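What follows is a single structure, written as structure tokens, with notes after it.
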Amino acid sequence: MGFELYGPYHIGWLIATVIVVCVVCAYYRRATIKNRQRTKWILTLSIVIGELIKDIYIAVTSTISVEELPLSLCGLAMFALLIYSGKPNEVLGNILYCLFLPGAISAMLFCNWTDRPIDSFLSLFSFFYHIVLIVYITMILAAKEFTLHPRHLWASVLFLLISAPLIYRFNKYYDTNFMFLNTPSPGSPLVPLENIFGNPGYIFGLVLVLIGVWIIFYIPFFVRKIMPQKK
């Protein structure tokens, strides 16, 4: 038996996510550099190992297919975490913040695994995976390990310009739906966008939504720029 979006079960997971984020961020901000690095690697390796266990589980219990490849936005975030944990930098920090964090939050808000039994491994892993992504990105943000700046948006735009067309063609060829570029996730804001713009026209609407998200996410930067002028 699955669950309903914003039903008690789903709301419980969202509340748990907020609590875990607050606790880990509070710890991380006070942690030593050594403990921060250890925490980043623990979180990163937990989802990498979890992803491998998931693939083994699917291979044993059913039939593994190309749909299990980590080509979703959150799947690609796993590789970004590996790189950042090894070599933190401003550009990648901003990519994590303005691209992968909205993706992970959207996944938690509009789960596309509602049809899975709530006690199944795949359902629990989906929640675990996205919570870890959110926790990782918010904790390095809270610790100010990188500086928010719109000038780094070029990297996110370039990433999408390269990856989206390739994944769109991959989806067409293998009948998959990575990044929801071919079919909107049921119950998500992409559904009304499809009703308005059609398919694949809703991708244009998705671009507009992403721009709006970036404006919201970089409000802290603009506030910091304005505040000194008022003094």
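The values are calculated or read from the model by the stated rules, or taken from the named source; none is laboratory data. As the structure is a computational prediction, the values presented were derived from the model and not from experiment. Using ideal geometry, Cβ is built from the backbone for each residue, glycine included, and neighbour counts are taken over all protein chains shown. Heavy atoms of the whole protein, side chains included, go into the accessibility calculation; ligands, DNA and RNA do not. Shrake-Rupley method; radii C 1.70, N 1.55, O 1.52, S 1.80 Å.
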Legend entry - Shape category assigned to the range 124-196 from the gyration tensor of Cα positions, a/c cut at 1.5: prolate
Legend entry - Sulfur and carbon atoms: percent of accessible area, the chain [1.4 Å]: 71
Legend entry - Choice from TYR84, TYR173, TYR28 showing the highest fluctuation, given a GNM over the chain with Cα pairs closer than 10 Å: TYR173
Inset, instruction - Report, in whole Å, the centroid distance computed from the Cα atoms of the range 90-148 and the range 1-78. - result: 7
Legend entry - Relative contact order (%) - the range 147-196, alpha-carbon pairs under 8 angstrom, separation at least six: 20
Inset, instruction - Have a look at TYR136, TYR174, TYR97 and tell me which one the Gaussian network model of the chain (Cα, springs below 10 Å) gives the largest fluctuation. - result: TYR174
Inset, instruction - Please give the peptides 55-66, 146-157 ranked by average Cβ packing (other Cβ atoms within 10 Å per residue), highest first, as a rough proxy for protection. - result: 146-157, 55-66
Legend entry - Mean Cα-pair separation over length for the range 180-230, i.e. relative contact order, pairs under 8 Å, 6 or more apart, %: 22
Inset, instruction - Place +1 on the Cβ of every Lys and Arg and -1 on the Cβ of every Asp and Glu in the chain, take the dipole about the Cα centre, and give the residue among TYR9, ILE47, VAL24 whose Cα lies farthest towards its positive end. - result: VAL24
Inset, instruction - Can you bin the chain into rounded, prolate or oblate? Criterion: square roots of the alpha carbon gyration tensor eigenvalues sorted a ≥ b ≥ c, rounded for a/c under 1.5, prolate for a/b above b/c, oblate for the rest. - result: oblate
Inset, instruction - Multiply the residue gap between ALA26 and ILE215 by 0.36 nm, knock off their C-alpha separation, and tell me the result in nm, one decimal place. - result: 65.4 nm
Legend entry - Global form of the range 70-180, assessed from the alpha-carbon gyration tensor, a/c cut-off 1.5: oblate
Inset, instruction - Only residues of the range 3-29 count here: report those whose backbone N is under 12 Å from the spot 7 Å along Cα→Cβ of ALA143, or say none. - result: 24-29
Inset, instruction - Indicate the helices, whole DSSP H runs only, in the chain that combine a mean Kyte-Doolittle hydropathy of 1.0 or more with a Cα extent along their long axis of 30 angstrom or more. - result: 8-30, 121-142
Legend entry - Gain upon complete extension [ASP119, ARG169; 0.36 nm per residue less C-alpha separation]: 14.6 nm
Legend entry - Accessible surface, per residue, of the chain when the full set of protein chains is kept, probe 1.4 Å, Å²: 55
Inset, instruction - Between ILE226 and VAL91, take the C-beta separation as r, use R0 = 30 Å, and let me know the FRET efficiency to the nearest 0.05. - result: 0.80
